[in-house]
Amino acid sequence: MPTNPFLFDPKDVVAFVLVFMRMAGVFLTAPVFASRNIPVMVKASWVLLIAFLIFPVVGFKVETLPSSGIPLAMAIFREMLIGFSIGLGATLIFTGIQLAGQIVDIQMGLGMVNIIDPITSTQISVMGQYYYLIATLVFMAVDGHHLLLRGLADSFNLIPLGQGHFTAALGTKMMGLFSQIFFIAFRVGAPVIGALFITNMALGVVARTVPQMNVFIVGMPLNLAVGFLITAISMSFFVYVLKGLFDGMYRDMFTLVQALR
């Protein structure tokens, strides 16, 4: 008699749940995928569909999979943490880009001007939102979302199902990646930050040599004009830096994943 296709081995069901949870972790933290503008049901459908597509090629050992109880709950938590790590490696890049925009805003005199980010539903500076939107467009243009999915598929070869572990190296590597946020912010905002620094130095010299001039009245519109002008001129440099950051995104993702081996 033919095998009933609707009968599943309980271990296969457990394995599919673990694959689903790792995928869900990516969709909860990764840029674009974690956008609040995407309805929850649409996200869940995407996670379920991609899990169905990836599951047939995922290799796992049946004897290493937990069956029920606390071991199963811990395995589910570990798989979600692995997905978090993959998405976090990409999210940190966008965090650094937003930080660059906030630094530029402060130097331009727009530090008190905030808007609501429709993606994260949080307050963000004007230039930070502008940089974030440009970075999102570049991210999609260079197929960064495909890179995330490829990183997810490759993670099953690096960390098989149910074999992720918490290690002391995880905290160390996370602190190392978080420290790169400031380096990313400096690289992204270097042209505007440098130009505004020179402008403020020039205004300081003018204030000392021509004390009759009200530098505060002249400085604010001048900083705004210089900031917007350098931003427009350096847009090609901005896109070039973004491409370099996204090229290294795969490495950052697996820096965290390897700490869970």
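Of all residues in the stretch 19-77, those satisfying the criterion of being outside any helix (DSSP H, G or I), β-branched (V, I, T) and either at pLDDT 85 or above or over 18 Å from D154 (Cβ atoms) (or both) are V32, I38. Is it fair to say I86 is surrounded by 15 or more Cβ atoms within 10 Å (Cβ to Cβ), part of a helix (DSSP H, G or I) and at pLDDT 75 or above? Taking the combined requirement at face value, the residue satisfies it. Residues in the stretch 176-207 that are within 25 Å of M253 (Cα to Cα) and of a type in the set (F, W, Y) were compared, and the one that is surrounded by the most Cβ atoms within 10 Å (Cβ to Cβ) is F186. Looking only at the stretch 155-188, how many residues end up being touching a residue at least 40 places away in the same chain (Cβ under 8 Å) and under 30 Å from Y240 (Cα atoms)? Total satisfying the criteria: 16.
Select from the stretch 197-240 the residues that are among the small types (G, A, S) and at pLDDT 85 or above and write down the one among them that is farthest from M112 (Cα to Cα). Taking the candidates together, the pick is S236.
Residue by residue, here is whether (1) part of a helix (DSSP H, G or I); (2) touching a residue at least 24 places away in the same chain (Cβ under 8 Å); (3) closer than 30 Å to P31 by Cα holds:
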| site | (1), (2), (3) |
| --- | --- |
| P191 | yes, yes, yes |
| F197 | yes, yes, no |
| L203 | yes, no, no |
| Q212 | no, no, no |
| F216 | yes, no, no |
| P221 | yes, no, no |
| V226 | yes, yes, no |
| S236 | yes, no, yes |
| V241 | yes, yes, yes |
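Residues in the stretch 180-218 that are touching a helix residue (DSSP H, G or I) at 6+ places or on another chain (Cβ under 7 Å) and within 20 Å of M235 (Cβ to Cβ): I184, A185, R187, V188, G189, P191, V192, I193, A195, L196, T199.
Can you pull out the residues in the stretch 89-110 that are aliphatic (A, V, I, L, M) and assigned to a helix (DSSP H, G or I)?
Scanning the stretch 89-110 gives A90, L92, I93, I97, L99, A100, I103, V104, I106, M108.
Looking at R187, R150, just one residue is among the charged types (D, E, K, R), within 19 Å of L92 (Cα to Cα), assigned to a helix (DSSP H, G or I) and modelled with pLDDT of 85 or more, and that residue is R187.
The values are calculated or read from the model by the stated rules, or taken from the named source; none is laboratory data. Here the structure is a predicted model, which means the values were calculated and not measured. Don't worry about glycine lacking a Cβ; one is built from the backbone with ideal geometry, like all the others, and counts go over all protein chains shown.
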